[in-house]
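Every number in this text was worked out from the coordinates using simple rules, so none of it is lab data. Keep in mind the model is a prediction, meaning the values are calculated, not measured. Note that each Cβ is placed from the backbone with ideal geometry, even for glycine, and that neighbours are counted across all protein chains shown.
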Amino acid sequence: MTSPEPVSPDSGGPPPRRGAASPLARILPEVDDRWMAHWPMMLLGLVILYNVLPGAYGEYVVSVAVLGSMFAIGALGLNVHYGFAGLLNFGHVMFLMVGAYTTALLVSGRGMNIFLAMLIGAVVASVLGLVVGAFSLRLRTDYLAIVTIAMAEMGRVIIKNSGSFRVDPLTGSGKTIGTGGVFGVQNFSSGFNSFLDTTLPFVNSHAWQLFIFNAVVITIILYMTWTLRRSPWGRALRAIREDEDIAAALGKPTFLLKLQAFAVGGFIGAFAGVAFALNNNFIDPDTWLPIFTFRIWIAMIMGGAGTIFGPVLGAMLLQSIFSLVRFLPNIAASPLFGWIPESLVSSNRIFALQGMLLGLLIMLVVIFRPQGVLGSREDLILEGT
Amino acid sequence: MTDIIQQLIDGLGRGSGYALLALGLAIIFGVMHLVNFAHGEVITVSAYLGYWLSIHGTSWWLIALAALGASTLTAVIIEFVAFRRVRGAEDFTMLLTSFGVAIVVRAGFSMWVSTKPRQFDKPGWIFNTVKVFGISLEVYDLIVIGVTAVTLAAVAYLLRRTMFGVSLRAAAEDFDAARLMGIRANRVISGAFALSGLLAGVAAVMILMRRGQAEPGMGLDILLPGVLAAVIGGLGSLSGAVLGGFALGLAEVMVRAWILPEGFTGLTDGVVFALIAILFIFRPEGFIRVGHAERV
């Protein structure tokens, strides 16, 4: 699958070739082509698992896969920010939030077609990316992290406090839906669900329908990021990630490129928010806490930042681990693990237990395997200082 | 006029907490180049200790003392357990580690105590007001401003006049050179964390008196304005951090009082953030430019 890369005057240096001495030659496209094998394998594995496991367990596995696929979309967007361009975006959840709210309000308030609304939501999110990027991308990496996380939190608080506002252009005049405030927005996914029922009449499980939809979205995004990464644009971004000064010296408009990457990642991230909203048929401000961003981060890093398929793999892996935590009460009830205090794993503590696991995973992965499952160590040399 | 003075005092009171947190962050950033998002968890620990002591009927003076001790100790322990392993690593490793610590502490309290907030009694005088020259001021604000002023003066003395302070500043200037001059890396970094923990402890006592509740996720909520204040001030700079804290407090109060119309106060944070964004466009290095911090 490896064809010689076209030499473009735009590519920011010599064409990358394996084994070449140039620092830009580290950036190899071949390893990324494997997503075309990995992704169908994963889908096939899920289908087999569903058919092998007894009924209820099979359904559970699919519901886990639905959650995993939503995080995968988010992680794919973040991958454009961090994996491609090295931008430390710790407020990724704001793109999800904006995408979800825009879509939900347009559908519930204006009765717009869900797919059109989705697209508008993604465009709004990428415009937000441009605006946030315009003032924060000039800052050094860790400052960018601060500004983005603050931005996401403030956006959430604003939506939380804005329940009484009327957003007439969005909802149509006379309706007081606003952004839903603390109470959240509801009733926007019936059109989507009936669409799923008509297009997928042979699939009788709602979880499967949702998963198929997410899988289609993921496939499109995988193809998109794959193409982008091989393009001169993607290579220039990676040059920026490795050393922004060199990229600038080679004549790349680094600020503009980072801004574009920010917008593209936001565009993708919005779809994760929409998928989340459609799955729950309900969104409220407290869904979009910073911990949501960290989950996306750890999914991306676990799979391998900067690779094409890594974010999807990481998200599925993380969700699998999380869903196993759910079975801890059963495990603790068995005689072998009688020493685990029951109160520690009682079902109302599962969330906290998952949080604990997430925190520990973040530290362990970052310290011991920062390149993730699919990444290569060389591709992650990001010496900031 | 009365209105202006009232708002000013209110803003300074608000800014005091931000300034103390921002100063602690700036001290840690100076020695380690770490933006410590686990700094807020120091406050969470103090809050739960305060809750525990207060349900056992301890007086507020003792709670305050215990909170100071607990926060100092927590900061040192966090450094020893987590940050020592990633010292000198890349930005994203250290940042994610600090988030990891924050999440673990938060999850720990939700598992061990509860995910729901725990209330405890505030001191009785907290909402009292005094009249000074016909202006009614909150006792709380005056105490907070006074305590902050004393704390900042003490820190300034510590940094300028003691051996520890000098070595801390030297380490912040150039860590490697400071080590070559015989400054113990572990000691100065532990000291920096202890100092920042103590500052956070002072902030925690003030916040807890007003808030009177402990919940697992409070750390990051309280910390974020402090982080922003540190960035506004120019993260490497200690005086900049303090300045940034007060500026943020004043900006919040002013936006709420004079810029936003009635009923739109929920948008205060948004407007303040827009102001910060404008500041970053024109002066991305913050109030005080620091040569070695290379933020742009």
Span-rule helices in chain B, defined as complete DSSP H runs reaching 27 Å or more along the axis (Cα) with Kyte mean at least 1.6: B:60-81
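Just from its helices, what would the mean residue ellipticity at 222 nm be for the protein assembly as shown, if runs of 4 or more DSSP H residues each count -39500 (n - 2.57) and the sum is divided by every residue, rounded to the nearest 500 deg cm²/dmol?
Values: 26 runs with 449 residues, N = 681.
Using -39500 (n - 2.57) per qualifying helix, the result is -22000 deg cm²/dmol.
Full-extension gain between A:LEU130 and A:PHE327, please, as 0.36 nm times their residue separation minus the C-alpha to C-alpha distance.
Values: separation 197, 0.36 × 197 = 70.92 nm, distance 4.28 nm.
Full extension of this stretch gives 66.6 nm more.
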Which of A:GLN186, B:GLY201, A:LEU116, positive extreme of dipole for the protein assembly as shown (C-beta unit charges): B:GLY201
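About the Cα centre, and with charges only on the beta carbon of Lys, Arg (+1) and Asp, Glu (-1), how big is the dipole of the protein assembly as shown? Nearest 20 debye, please. Intermediate values should be presented prior to the final figure.
Details: 44 positive and 39 negative charges, 114 e Å.
Rounded to the nearest 20 debye, it is 540 debye.
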Among B:VAL35, B:VAL130, B:VAL105, residue whose mean-square fluctuation peaks in a GNM of chain B (springs only between Cα atoms under 10 Å): B:VAL130
Anchor A:LYS160: lysines whose Cα lies under 28 Å away (excluding residues fewer than 8 positions away in-chain): A:LYS175, B:LYS116, B:LYS122
Amide H within-cut-off set for B:ARG118, under 5 Å, with H built and near neighbours excluded: B:ALA214, B:GLU215
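What relative contact order, as a whole-number percentage, does chain B give when Cα pairs under 8 Å and 6 or more residues apart are counted?
Numbers: 447 pairs, mean separation 107.7, N = 296.
Dividing the mean separation by the residue count of chain B yields 36 percent.
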Highest-MSF residue in chain B out of B:ALA22, B:ALA154, B:ALA172 [GNM, Cα springs under 10 Å]: B:ALA154
Calculated on alpha-carbon atoms, Rg and Dmax of the stretch B:106-202 in Å: 20.2, 59
Only Lys, Arg (+1) and Asp, Glu (-1) charged, at Cβ; the stretch B:2-282 dipole about Cα centre in debye: 720
Quotient of C-alpha Rg and 2.2 N^0.38 Å, computed over the protein assembly as shown: 0.98
Exposure proxy ranking, count of Cβ atoms within 10 Å, fewest first, for B:VAL272, A:VAL127: A:VAL127, B:VAL272
Most fluctuating residue given options B:PHE83, B:PHE29, B:PHE127, as computed from a GNM of chain B linking Cα atoms under 10 Å: B:PHE127
The stretch A:351-374-the stretch B:189-227 distance, computed between alpha-carbon centres (Å): 25
Debye equation applied to the C-alpha atoms of the stretch B:2-69, log10 I(q)/I(0) at 0.18, 0.21, 0.24 Å⁻¹: -0.85, -0.92, -0.98
Separation of the A:THR227 and A:ARG138 label points, Cα + 7 Å toward Cβ, nm: 3.4
For the stretch B:142-296, size of Cβ-based charge dipole, Lys and Arg +1, Asp and Glu -1, in debye: 540
Debye intensity ratio in log₁₀ form over the Cα atoms of the stretch B:2-282, taken at each q of 0.08, 0.12, 0.15 Å⁻¹: -0.34, -0.77, -1.18
Positive-end residue, the stretch B:13-120 charge dipole about Cα centroid, Cβ charges, pick of B:ALA102, B:ILE55, B:PHE80: B:ILE55
